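Chemist: Pasting a structure here, questions to come.
The values are calculated or read from the model by the stated rules, or taken from the named source; none is laboratory data. Remember, predicted model here, so these are calculated numbers, not experimental data. Note that we place each Cβ from the backbone using ideal geometry, even for glycine, and neighbour counts take in every protein chain shown. Side chains are part of the model used for accessible areas, which takes the heavy atoms of the whole protein and leaves out ligands, DNA and RNA. Shrake-Rupley method; radii C 1.70, N 1.55, O 1.52, S 1.80 Å.
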Amino acid sequence: MIGGIMTTEFRTRIPDLMMASGPCSVYPQVLAAMGQQMVHHRTDNFVELMLSVSADLSKLFKTNGRVLPIEGESILGLEMAAYNLVEPGDVCVNLASGYYGAGYAKVLRAYGGDVVDVAVPYNTSVPIDQVRGALDRHPDAKVLAFVHSETPSASENPMEAICRECHERGVLTIVDSVSGVGGSDVRFDEWGVDVCVTGTQKCLGSTPGMSLVALSGRAWERAEAVTARTGRYERSYLSFLPWRQWVERDYVPYTPPISSIYGLKAALDIIMDEGGIDASIARHERAARATRAGVRAMGLELWVDDDANMANSVTAVTVPDGIDDRKLRGIMDDEYGLHISGGLGDEAGRLIRIGHMGYTASRQKVVTALGVLGSALAELGHPVDVTAGLEAALEA
Ligand SMILES: *Cc1c(COP(=O)(O)O)cnc(C)c1O
């Protein structure tokens, strides 16, 4: 390596296998693709690559429209949604079902949104009736924002029901599906979704650093109207409007992150080769099922209240009484080279999270994680039935 920070010590601490809440270890094909030399982004060669990525992304989101491949981690795409769709005084219903959902209220407010929070405990999802109730009480709502898959607590909201309900009422939806798309079904056109944001580093199995944003016709119209009415800078990096050039005439507005596009294409190729988006979703469902079955059979508890409310991309396990989760994860890291996540905020110390997304959504990786978790718990004086766990996972 070049020296400096990439010392031997740094490199030996890169986990053998990262099954965190994202990013996770990526496909080896992604790493190889990202090591390729640059092509110029104004050449036919590169535009062809972008068009092919674009066609794959439309399949992923199940939309006939073009998904915007934006440089900048997913948080950028989520902020763009508020910048373009929300103007001062707009009533915005925000589903606070976890760390990201609750946090989005601040983004909506930053652009003048009059936020109505619909809160539930962070170990469950928002029932559709609660969404309907909030919309009934706020018939003037312009926008409803929610997180499809709440990665910090491993719960999943009923995206189809929520989006269909909002579409019928003319309320625009902003959906954070950063850890959803690729692992859970998203039918952008059929469900009448308006803005849906995903990232490259979760269920797609590539590296962090891009926002993939799908927009409906209504969202484009609103973006134009809000920009005109508020006088917001239409060439801002936060504005969707420069991306019209990409949608209408294959012209990317800025220099794209070429290496990230290489990696994304390699990841999309893997999804297409395995049978397409539905095969990818089925693989994530199997990995989630196997993880849950394994955790339960080992005698541990799942954090989320009901299987129907659990995410496909990550599983949260309640930390057993008397166990220090940092010690537990430390053993997993140091002795087995396997990195998983702890809880965030109020959940810190109360749960651990095993990510099974993208490259790590495989039975091989799930069985490895369960075995390592069981061994680390035994080392801390909390023996669990690892054999039963592995058997249950393999049968699930
Ligand atoms: C990972 C994640 C994000 C943040 O994505 P970045 O690419 O890190 O900005 C936002 N929301 C959810 C639900 C996530 O899982």
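Chemist: Can you pull out the residues in the range 313-328 that are crowded, with 19+ Cβ neighbours inside 10 Å and of a type in the set (Gly, Ala, Ser)?
Modeler: Result: 313, 316.
Chemist: For the range 53-69, check the following and say yes or no: at least one residue is of a type in the set (Asp, Glu), touching a Ser or Thr at 6+ places or on another chain (Cβ under 9 Å) and within 18 Å of residue 211 (Cβ to Cβ).
Modeler: No, the range 53-69 has no match at all.
Chemist: Name every residue in the range 174-217 that is more than 11 Å from the chain's Cα centre (by Cα), more than 8 Å from the ligand (Cβ to nearest atom) and surrounded by fewer than 24 Cβ atoms within 10 Å (Cβ to Cβ), in order of residue number.
Modeler: 185, 187, 189, 190, 191, 192, 207, 216, 217
Chemist: Here's a follow-up. For the range 71-99, give me each residue that is buried (at least 23 other Cβ atoms within 10 Å of the Cβ), within 10 Å of the ligand (Cβ to nearest atom) and either hydroxyl-bearing (Ser, Thr, Tyr) or in a strand (DSSP E or B) (or both).
Modeler: Listed by number, the list holds a single entry, 74.
Chemist: Name every residue in the range 35-54 that is open to solvent by less than 50 Å² (accessible area, probe 1.4 Å) and in contact with a helix residue (DSSP H, G or I) (Cβ under 9 Å, 6 or more places away or on another chain), in order of residue number.
Modeler: Answer for the range 35-54, where residues must be open to solvent by less than 50 Å² (accessible area, probe 1.4 Å) and in contact with a helix residue (DSSP H, G or I) (Cβ under 9 Å, 6 or more places away or on another chain): 39, 41, 46, 49, 50, 52, 53, 54.
Chemist: Could you identify the single residue in 83, 104 that is under 30 Å from residue 319 (Cβ atoms), in contact (Cβ under 8 Å) with a residue 60 or more places away in the chain, hydroxyl-bearing (Ser, Thr, Tyr) and touching a helix residue (DSSP H, G or I) at 6+ places or on another chain (Cβ under 9 Å)?
Modeler: Answer to the selection: 104.
Chemist: Shifting gears a bit: Among what's in the range 117-150 and is part of a strand (DSSP E or B) and open to solvent by less than 30 Å² (accessible area, probe 1.4 Å), pick the residue that is nearest to residue 220 (Cα to Cα).
Modeler: Here the answer is 143.
Chemist: Kindly evaluate residue 234 against the criterion of being away from the ligand (no atom under 16 Å from the Cβ), free of Cβ contacts under 8 Å to residues at least 12 places away in the same chain and under 26 Å from residue 180 (Cβ atoms).
Modeler: no
Chemist: Considering each residue of the range 100-113, count those that are away from the ligand (no atom under 16 Å from the Cβ) and either surrounded by 24 or more Cβ atoms within 10 Å (Cβ to Cβ) or in a helix (DSSP H, G or I) (or both), and give that number.
Modeler: Selection size over the range 100-113: 3.
Chemist: Then there's this: Take the residues in the range 11-34 that are open to solvent by 90 Å² or more (accessible area, probe 1.4 Å) and not in a loop (DSSP other than H, G, I, E, B), then tell me which one is nearest to the ligand (Cβ to nearest atom).
Modeler: Result: 31.
Chemist: Name every residue in the range 221-254 that is of a type in the set (S, T, N, Q) and either open to solvent by 30 Å² or more (accessible area, probe 1.4 Å) or under 16 Å from residue 90 (Cα atoms) (or both), in order of residue number.
Modeler: 227, 230, 245
Conditions (1) under 16 Å from the mean Cα position of the chain (by Cα); (2) of a type in the set (A, V, I, L, M, F, W, C); (3) in the same structural domain as residue 165 (by TED's automatic domain parsing), marked per residue:
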{"site": "89", "(1), (2), (3)": "no, no, yes"}
{"site": "97", "(1), (2), (3)": "yes, no, yes"}
{"site": "108", "(1), (2), (3)": "no, yes, yes"}
{"site": "112", "(1), (2), (3)": "no, no, yes"}
{"site": "123", "(1), (2), (3)": "no, no, yes"}
{"site": "142", "(1), (2), (3)": "no, no, yes"}
{"site": "147", "(1), (2), (3)": "yes, yes, yes"}
{"site": "152", "(1), (2), (3)": "yes, no, yes"}
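Chemist: Starting from the range 148-160, take each residue that is among the aliphatic types (A, V, I, L, M) and list its partners that are open to solvent by 10 Å² or more (accessible area, probe 1.4 Å) and near the ligand (Cβ under 10 Å from one of its atoms), counting only C-beta distances under 9 angstrom and pairs at least six apart or across chains.
Modeler: From residues that are among the aliphatic types (A, V, I, L, M), the pairs are 154/21.
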